[in-house]
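The values are calculated or read from the model by the stated rules, or taken from the named source; none is laboratory data. Computed from a predicted structure; not experimentally measured. Cβ atoms come from the backbone with ideal geometry, glycine included; neighbour counts cover every protein chain shown.
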Amino acid sequence: MIYRFKQIIKKIIYNAIYKWLQEPNTQIEQAIIANQFRLMKKISTPGEMPSFKDVGFRVHSQFEEDGILLYIFSIIGTTNKRVVEIGAGNGIHCMAANLIINHGWEGLLFDGNKYNVERGIKFYLNDQSTWLYPRIFKQAWITRENINQLISENGFKGDIDLLSLDIDGNDYYIMEAINVIKPRVIICETHDVIPSDLALTIPYQSDFDRMKGLHPEFLGVSLLGMKKLLDKKGYRLVGSHRYGFNAIFMINNVGQDYFPEVSVENIHDNVYTKKSREKTWKEVKHLPWVKI
């Protein structure tokens, strides 16, 4: 009888979550979703919890990362609700925006484009959720030589909850260099046209611009390359969005039961990655990639 009651409760919760996930555009709806995830964790085993493909939604992220990140932090909790995003675009459509605007996170955002940063600053100054304490948004050309100073001089050091990195270029070298912060979760773009069994990145060039380089797709780092680097830093690969290039890593002492390690091949097992690789890898495989 107790078992049947628990199953009924689970079904009610699951149905409610999936209904709200269709259009979770308000703070109220997202608060409900987060609390339902926490309740689900209490009454379910790790194996009964939904996968990333079932929880994604987009409010400010480019794809469904807003929902995935809300799910992750509903399950593992937060420590200080601090996020650093490198390559934030205009700051309105990025990984950190939903957490900042709808969940009260403190953010440090960087982008190299002056107009993106000006637009983002104006947005956060006028948004009703952030105007009283606007988040820090800085224009900077990020290099491995300046990244730690840029982060620390803006008041971010030590443990944070989330790091997002997407600069379409020296991603590997920037991630390798970062040592002033210790994020619990990392989300970063990787280059999925590179085959799953190759650990490759571009050569380091501090002023790298993909549109002025050898080929627009000669950029970034393969997922295996980023995994090898973050393995050394104490992280495991736990998933990605549905297209397989925005990868999610979690520090090893957090959430292992609910977010076990997955393989690079698992992440790349999607139609988008397979089609992109089939079309593009042959165009760039001869270029001077650096083996990691």
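The table for this structure:
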{"read-out": "Test: residue in the stretch 185-195 that is surrounded by fewer than 19 Cβ atoms within 10 Å (Cβ to Cβ) and of a type in the set (A, V, I, L, M, F, W, C)", "value": "no"}
{"read-out": "Hits in the stretch 166-198 (condition: of a type in the set (A, V, I, L, M) and either free of Cβ contacts under 8 Å to residues at least 40 places away in the same chain or closer than 16 Å to residue 228 by Cβ (or both))", "value": "174, 175, 177, 178, 180, 186, 194, 198"}
{"read-out": "Search result, residues across the stretch 25-61 that are over 18 Å from residue 107 (Cα atoms) and in a loop (DSSP other than H, G, I, E, B)", "value": "25, 26, 44, 45, 49, 50, 51, 56, 58"}
{"read-out": "Residue within the stretch 246-261 that is of a type in the set (S, T, N, Q) and closer than 19 Å to residue 199 by Cβ present", "value": "yes"}
{"read-out": "Residue within the stretch 214-227 that is touching a Cys at 6+ places or on another chain (Cβ under 8 Å), modelled with pLDDT of 95 or more and closer than 26 Å to residue 268 by Cα present", "value": "yes"}
{"read-out": "Boolean, residue 263 is of a type in the set (S, T, N, Q), surrounded by fewer than 15 Cβ atoms within 10 Å (Cβ to Cβ) and touching a residue at least 12 places away in the same chain (Cβ under 8 Å)", "value": "yes"}
{"read-out": "Candidate set from the stretch 103-139 (those that are of a type in the set (S, T, N, Q) and modelled with pLDDT of 95 or more); member that is nearest to residue 179 (Cα to Cα)", "value": "139"}
{"read-out": "Qualifying residue in the stretch 171-178 (condition: surrounded by fewer than 18 Cβ atoms within 10 Å (Cβ to Cβ), under 21 Å from the mean Cα position of the chain (by Cα) and farther than 30 Å from residue 275 by Cβ)", "value": "yes"}
{"read-out": "Filter result for the condition that a residue is part of a strand (DSSP E or B) and exposed (fewer than 14 other Cβ atoms within 10 Å of the Cβ), over 159, 207", "value": "159"}
{"read-out": "Set 100, 142: member being aliphatic (A, V, I, L, M), at pLDDT 95 or above and farther than 16 Å from residue 166 by Cβ", "value": "100"}
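One line per residue, one yes/no per condition, for (1) among the hydrophobic types (A, V, I, L, M, F, W, C); (2) closer than 15 Å to residue 246 by Cβ:
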residue: 180; (1), (2): yes, no
residue: 189; (1), (2): no, yes
residue: 192; (1), (2): no, yes
residue: 201; (1), (2): no, no
residue: 212; (1), (2): no, no
residue: 217; (1), (2): no, no
